[in-house]
Amino acid sequence: MSNRRSLLFAAKFLGLLALFYIPVTLEAVDRSVIEPFTRGIAMVSGFLLNAIGQHVTINGVTLITSGTAVIIRNGCNGVEATVFLVAAMLAFPAPWRHRLFGVLGGIALIQILNLVRVVTLVLLRIHKPELFELFHLAIWQTIIAGSTIGFFYLWTTRAAAAAPSHDVAHGG
């Protein structure tokens, strides 16, 4: 990308990031969208844990098992990584069809990884509690962020290669 196009991408990305992230911080959006979404993550995670014999009880966004609990809070539901990725993909000069498939694939990747994250964190809390904080705060955060950025990088190389130079230069 040229300097001008890079600056345009950065400006679009930051604008979209603010546009998408500001509503997420509002209490009404949290209560009516984010909280139900996070409860859904808890339900699916609880189902997966029960399927492997962990006997998990779900109370809202809390997974309770073996005398311990894991609460899925904002920041642990994949929403921030999703907002980041969607803003970046929509800002990138690629045909809209590539953006749509990239966004859908990226959201799926983030949410699947986040389910694996929640399940492994519950298992760590039960079986290796001394490793819980390390995995919660460092390892899984790095995996989610790195996977999001890596997916964006791979997507940009494929989207740019698949698009005629005119489409890429003008956003499709």
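Close Cβ contacts (under 6 Å, 6 or more residues apart or on different chains) running from residues in segment 80-100 that are within 11 Å of I110 (Cα to Cα) to residues that are crowded, with 21+ Cβ neighbours inside 10 Å and hydroxyl-bearing (S, T, Y) comprise A81/T148; L85/T148. Checking L49, L131, L109 one by one, the residue that is in a helix (DSSP H, G or I), more than 30 Å from T157 (Cα to Cα) and touching a residue at least 24 places away in the same chain (Cβ under 8 Å) is L49 and no other.
Yes or no, residue by residue, for (1) among the polar types (S, T, N, Q); (2) under 25 Å from V44 (Cβ atoms); (3) part of a helix (DSSP H, G or I):
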residue	(1), (2), (3)
A69	no, yes, no
I139	no, yes, yes
Y153	no, no, yes
R158	no, no, yes
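Scanning segment 62-98 for residues that are surrounded by 20 or more Cβ atoms within 10 Å (Cβ to Cβ) and at positive phi turns up just one, G78.
Tell me, yes or no, whether segment 92-105 has at least one residue that is under 18 Å from Y153 (Cα atoms) and touching a Ser or Thr at 6+ places or on another chain (Cβ under 8 Å).
First, pick out the residues of segment 92-105 that are under 18 Å from Y153 (Cα atoms): 92-105.
Remaining after also requiring touching a Ser or Thr at 6+ places or on another chain (Cβ under 8 Å): 92, 94.
Yes, segment 92-105 contains at least one residue that is under 18 Å from Y153 (Cα atoms) and touching a Ser or Thr at 6+ places or on another chain (Cβ under 8 Å).
Is segment 25-44 home to any residue that is at pLDDT 95 or above, surrounded by 15 or more Cβ atoms within 10 Å (Cβ to Cβ), in contact with a helix residue (DSSP H, G or I) (Cβ under 9 Å, 6 or more places away or on another chain) and small (G, A, S)? Checked against the condition, which is being at pLDDT 95 or above, surrounded by 15 or more Cβ atoms within 10 Å (Cβ to Cβ), in contact with a helix residue (DSSP H, G or I) (Cβ under 9 Å, 6 or more places away or on another chain) and small (G, A, S), segment 25-44 yields at least one hit.
The values are calculated or read from the model by the stated rules, or taken from the named source; none is laboratory data. Values in this document were obtained by computation on a predicted structure and should not be read as measured data. In this analysis, Cβ positions are derived from the backbone assuming ideal geometry, glycine residues included, and neighbour counts consider all displayed protein chains.
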